[in-house]
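The values are calculated or read from the model by the stated rules, or taken from the named source; none is laboratory data. These numbers come from a predicted model, not from an experiment. Every residue, glycine as well, gets a Cβ built from its backbone with ideal geometry; the counts of neighbours run over all protein chains shown.
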Amino acid sequence: MKRGTWSSPEVPDERDALGGDGPETSSPPVDLDSPDASDEPLEPPPGPFAPDREDGMPRMPPSDIHLQAPGKWSPIAYAFLGDAVWELYVRRLFFAPPARPLEYDLKCKRAVRAEAQDAVLRTLVANDFFTPEETKVVKWGRNASYGNVPTRLRGKKNKAGGFATYRNASALECVVGYLYMTDLPRLEEMMAGLGVVIERVARTTDTK
């Protein structure tokens with residue numbers, strides 16, 4: 001199976017949900033344990049936005065906003081959008097079967113925390129899910145300058161791991177926002193295979 005595809009959207013565990021024999025061309029790996037941005041000069045992906053959508057969704061943003069190239073926006077803007085998109089997908093995942101409101105709220109909160117998003121990104125990278133272009137987006141998002149790191153990740157105990165966790169979470173949000181604007185079917189494909197992983201992090205992530 002080529003990189004960037006799921007073995008099946010319905011799988012018993014995350015190892016079966018993720019897969020790929022590797023692409024003919026590859027991008028250097030992402031160091032998910034580094035607390036700092038790399039010194040590697042990074043450029044935004046060059047591909048243009050599709051002029052029309054063929055996935056049944058209205059063109060986003062409205063047609064009077066002329067989108068020519070994704071690189072006109074900063075990775076922080078994509079992460080800001082991706083944060084909302086990620087939470088929407090999480091809420092949709094846990095909407096059924098019906099649950100008590102407090103339980104529904106708690107599972108959603110756990111799955112949208114930086115620690116949970118870090119775990120999801122690590123799973124995607126470990127299973128070689130991203131295409132070379134998407135890997136560039138992940139790096140692009142991870143190396144952006146974020147100034148709003150949560151206090152719980154800034155402590156002495158978490159000085160290295162905490163900052164790396166936040167960068168990884170922001171990188172996931174960046175690629176989610178990027179795919180939402182450029183390739184919605186690909187985003188749906190990714191999210192369809194992440195159900196098991198999100199269920200797991202929603203059980204294990206602390207909300208304190």
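Overview of results
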| item | result |
| --- | --- |
| Test for Arg154: is it buried (at least 19 other Cβ atoms within 10 Å of the Cβ) and of a type in the set (Lys, Arg) | no |
| Considering residues of the range 172-203 that are surrounded by 20 or more Cβ atoms within 10 Å (Cβ to Cβ), of a type in the set (Val, Ile, Thr) and modelled with pLDDT of 90 or more only, the residue farthest from Val112 (Cα to Cα) | Val175 |
| The range 114-142, residues that are touching a Pro at 6+ places or on another chain (Cβ under 9 Å) and not in a helix (DSSP H, G or I) | Asp128, Thr131 |
| Of the criteria (1) surrounded by 21 or more Cβ atoms within 10 Å (Cβ to Cβ); (2) assigned to a helix (DSSP H, G or I), which one Arg110 fails | (1) |
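This table checks each residue for (1) in contact with a Phe, Trp or Tyr (Cβ under 8 Å, 6 or more places away or on another chain); (2) crowded, with 18+ Cβ neighbours inside 10 Å; (3) free of Cβ contacts under 8 Å to residues at least 60 places away in the same chain.
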site: Lys72; (1), (2), (3): no, no, yes
site: Tyr78; (1), (2), (3): yes, yes, no
site: Tyr89; (1), (2), (3): no, yes, no
site: Glu103; (1), (2), (3): no, no, yes
site: Lys139; (1), (2), (3): no, yes, no
site: Arg142; (1), (2), (3): no, yes, no
site: Ser170; (1), (2), (3): yes, yes, no
